[in-house]
Amino acid sequence: MDTARVVRRWPGFGGALLGTLFACASLTPSLLPRTWMYQGVMGAVTGLLGYAVGASIGALCRALVSYRPPERWRRTAWQVMIGACSALSLVALWYSYDWQRDLRSLMGMDTRITWFPPLILAVTAVLFTLGLVLSRLVRLGGRKLIGWLDRFVPFYVGHALGVLLISFLVAVFANDVLFSAFVARVSDVSAVTNRGTAAGIRPPASSLVSGGPGSLVAWGSLGREGRTFVGTAVPPDRLAAFSGRPATRPIRVYVGLDAAPTPQAQAALAVRELERTGAFERPVLAVLGTTGTGWVDPHIPDALEYMYNGGSAMVAVQYSYLPSWVSFLVDRTKAAAAGRALFEAVRARWARLPAGDRPKLLLSGESLGSYELENAFHDLGDLVARTDGAVFVGPPNANPIWQHVTAGREPDSPLWRPVYEAGRTVRFAQTPGDLTRPPGPWAPPRVVYLQNASDPVVWWTPRLILRRPAWLKGERGPGVNPQMNWFPLVTFWQVLVDMTAALSVPPGHGHRYNAGIVDAWAAVAAPRGWGTADSVRLRSLLSSS
């Protein structure tokens, strides 16, 4: 291969300049702390994005402007740019250590970190170079294709066809080869994981949970997360120790992906399981959303079981076994269909009961589980008209009701703690005190969104590419570094990478909600006689478990 033709010349001025600026911007703080290795990878990818933007701008300018500055001017411009970018890179690397320590301090984490600026620079440079060589190989192939086409069609037609064809081939390769192969591999691994069982989980002896004696759902069909869900129902002795009264054994119903062929069939099976266990005779019945793997945050069912001393029933279905972020990309329609089918089936059976004999019908889901359940309703009014309350935890930015409510918030309320219609129906919280604001009436049914200001799951959206988000304007939310800024493309990539570390921070930050769910349930559906002291005791118990 003629390497000179691959390299052709040094990187263009615009590409080198914006590539360096983007890589330096990636060193600035984002929502969550990161390791030096993550920073090296992030710098390379961000630098390549900047290079692509700069090279495109440069090519456009050369096509539109015929003037070429003298060689002496170009040489001087390069010397100034290299000197300035080198200095900026060193300064950004120097400050990046303090930025990461400050962010960890905000979250109550150990500030003694391993941070190797020379290795960060080396990883960034190596990966950037590999990406640049690959992109130039693609460009070389495109030029050869265009040259061949120009022999048979007019010049402009050949160029246009060549650009379209190479773009199509790159898109097909990226989506149908690389991404599809990646998803297939993840699916294979996830399928194996789904067939396993977590340590310490055994087939239940209780007939009041799926997979137990007399259950209509086989233990083997529950999937790994389903078996964990039914196998960790809080036992009556622990409930009684907390309440000081004899406890009832909780009901947990779960239908795995392998138990029925369609969402409607899964929902119908779930309703029959609820009927079998006597769930419609309990004081409270909660429909729970699951994440991509079928996982349910254990704090959601545990808190409700303690609050009702076991007199609760819960139901969930699995629509996928892929990790949540992969499910979000490829299985969102499945999540919406599963949530809609389950809620409609449960509510139809619930509505057949006499009005005075119906349990409270509640909803709760975390992350993609909240997206799953929101899609069962047209809007907030429909949700409160057909349920007795809801707790949504760490909702993704794509949630339709969340989007509508936050867009309609009162002008003086920040996006990270919005106030909608004076808080009469829905409230947003990160701490227990947030649920008391704004002061004023909050009639049931109530809806609570738990969202940490530093949760990348809540804030990541493609709109970050070109638009500064409202949560980075004005006062920052708790735990958000005041030194965090928005940069086109860069912040989009930073927040996306933050999602991989969203569970690696203390509770109350990132995507960690844990015992804070207690206060949300207490605000939405506290049993008679439940008080603030009970919530404090339960928070302490769940925090230590």
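The values are calculated or read from the model by the stated rules, or taken from the named source; none is laboratory data. Not measured: the values here are computed from a predicted model. Because the Cβ atoms are built from the backbone with ideal geometry, glycine has one as well, and the counts that use them run over all protein chains shown. These accessible areas exclude ligands, DNA and RNA; they are computed on the full protein's heavy atoms, side chains included. Shrake-Rupley method; radii C 1.70, N 1.55, O 1.52, S 1.80 Å.
Could you tell me whether region 461-478 includes any residue that is within 13 Å of the chain's Cα centre (by Cα) and open to solvent by less than 60 Å² (accessible area, probe 1.4 Å)?
Yes, the conditions are met somewhere in region 461-478.
Every residue in region 209-264 that is charged (D, E, K, R), in contact (Cβ under 8 Å) with a residue 60 or more places away in the chain and surrounded by 21 or more Cβ atoms within 10 Å (Cβ to Cβ), please.
Arg224, Glu225, Arg252
For region 353-391, which residues satisfy the criterion of being over 17 Å from Val315 (Cβ atoms), among the hydrophobic types (A, V, I, L, M, F, W, C) and within 22 Å of the chain's Cα centre (by Cα)?
Leu368, Phe377, Leu380
Just the residues that are of a type in the set (A, V, I, L, M, F, W, C) and not in a helix (DSSP H, G or I), please, taken from region 85-119.
Result: Met107, Met109, Ile113, Trp115, Phe116.
Okay, residues lined up against (1) more than 30 Å from Thr46 (Cα to Cα); (2) out of contact with any Leu (no Cβ under 9 Å at 6 or more places or on another chain); (3) open to solvent by 60 Å² or more (accessible area, probe 1.4 Å); (4) in a helix (DSSP H, G or I):
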position	(1), (2), (3), (4)
Phe487	no, no, yes, no
Thr491	no, no, no, yes
Gln494	no, no, no, yes
Gly510	no, no, no, no
Asp534	yes, yes, no, yes
Leu538	yes, yes, no, yes
Leu542	yes, yes, no, yes
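Tell me which of these Leu31 doesn't satisfy, since it passes every other one: (1) modelled with pLDDT of 95 or more; (2) within 16 Å of Leu127 (Cα to Cα).
With (1) modelled with pLDDT of 95 or more; (2) within 16 Å of Leu127 (Cα to Cα) applied to Leu31, the lone miss is (2).
I'd like the residue in region 281-305 that is open to solvent by 10 Å² or more (accessible area, probe 1.4 Å) and out of contact with any Gly (no Cβ under 9 Å at 6 or more places or on another chain) and, out of all such residues, is nearest to Ala191 (Cα to Cα).
Of everything passing the filter in region 281-305, Pro298 is nearest to Ala191 (Cα to Cα).
Which condition from (1) surrounded by fewer than 17 Cβ atoms within 10 Å (Cβ to Cβ); (2) in contact with a Pro (Cβ under 6 Å, 6 or more places away or on another chain) is the one that Pro506 breaks?
Among (1) surrounded by fewer than 17 Cβ atoms within 10 Å (Cβ to Cβ); (2) in contact with a Pro (Cβ under 6 Å, 6 or more places away or on another chain), the lone unmet condition for Pro506 is (2).
How many residues, within region 186-208, are modelled with pLDDT of 80 or more and either open to solvent by less than 70 Å² (accessible area, probe 1.4 Å) or under 26 Å from the mean Cα position of the chain (by Cα) (or both)?
Going through region 186-208 one residue at a time, the tally reaches 16.
Please list, ordered by first then second residue, the pairs with beta carbon atoms under 7 Å, 6 or more apart or interchain, first in region 101-112 and at pLDDT below 95, second small (Gly, Ala, Ser) and part of a loop (DSSP other than H, G, I, E, B).
Between residues of region 101-112 that are at pLDDT below 95 and residues that are small (Gly, Ala, Ser) and part of a loop (DSSP other than H, G, I, E, B), the close pairs are Leu106/Gly479; Met107/Gly479.
For region 185-224, name all the residues that are farther than 25 Å from Ala247 by Cβ, touching a helix residue (DSSP H, G or I) at 6+ places or on another chain (Cβ under 9 Å) and either assigned to a helix (DSSP H, G or I) or of a type outside the set (Gly, Ala, Ser) (or both).
Val186, Ser187, Ser190, Thr193, Asn194, Arg195, Thr197, Leu216, Gly220, Gly223, Arg224
Which condition number does Ala385 fail, the rest of (1) open to solvent by 10 Å² or more (accessible area, probe 1.4 Å); (2) in contact with an Asp or Glu (Cβ under 9 Å, 6 or more places away or on another chain) being met?
Tallying (1) open to solvent by 10 Å² or more (accessible area, probe 1.4 Å); (2) in contact with an Asp or Glu (Cβ under 9 Å, 6 or more places away or on another chain), Ala385 fails exactly one: (2).
Please state which one of Arg437, Arg528 is open to solvent by 20 Å² or more (accessible area, probe 1.4 Å) and out of contact with any strand residue (DSSP E or B) (no Cβ under 8 Å at 6 or more places or on another chain).
Step by step, each of Arg437, Arg528 is checked, and only Arg528 is open to solvent by 20 Å² or more (accessible area, probe 1.4 Å) and out of contact with any strand residue (DSSP E or B) (no Cβ under 8 Å at 6 or more places or on another chain).
Considering every residue within region 398-413, establish whether at least one is touching a residue at least 60 places away in the same chain (Cβ under 8 Å), more than 19 Å from His511 (Cα to Cα) and open to solvent by 10 Å² or more (accessible area, probe 1.4 Å).
no
Among residues belonging to region 29-75 that are outside any helix (DSSP H, G or I) and among the polar types (S, T, N, Q), point out the one that is surrounded by the fewest Cβ atoms within 10 Å (Cβ to Cβ).
Checking each candidate, the answer is Ser66.
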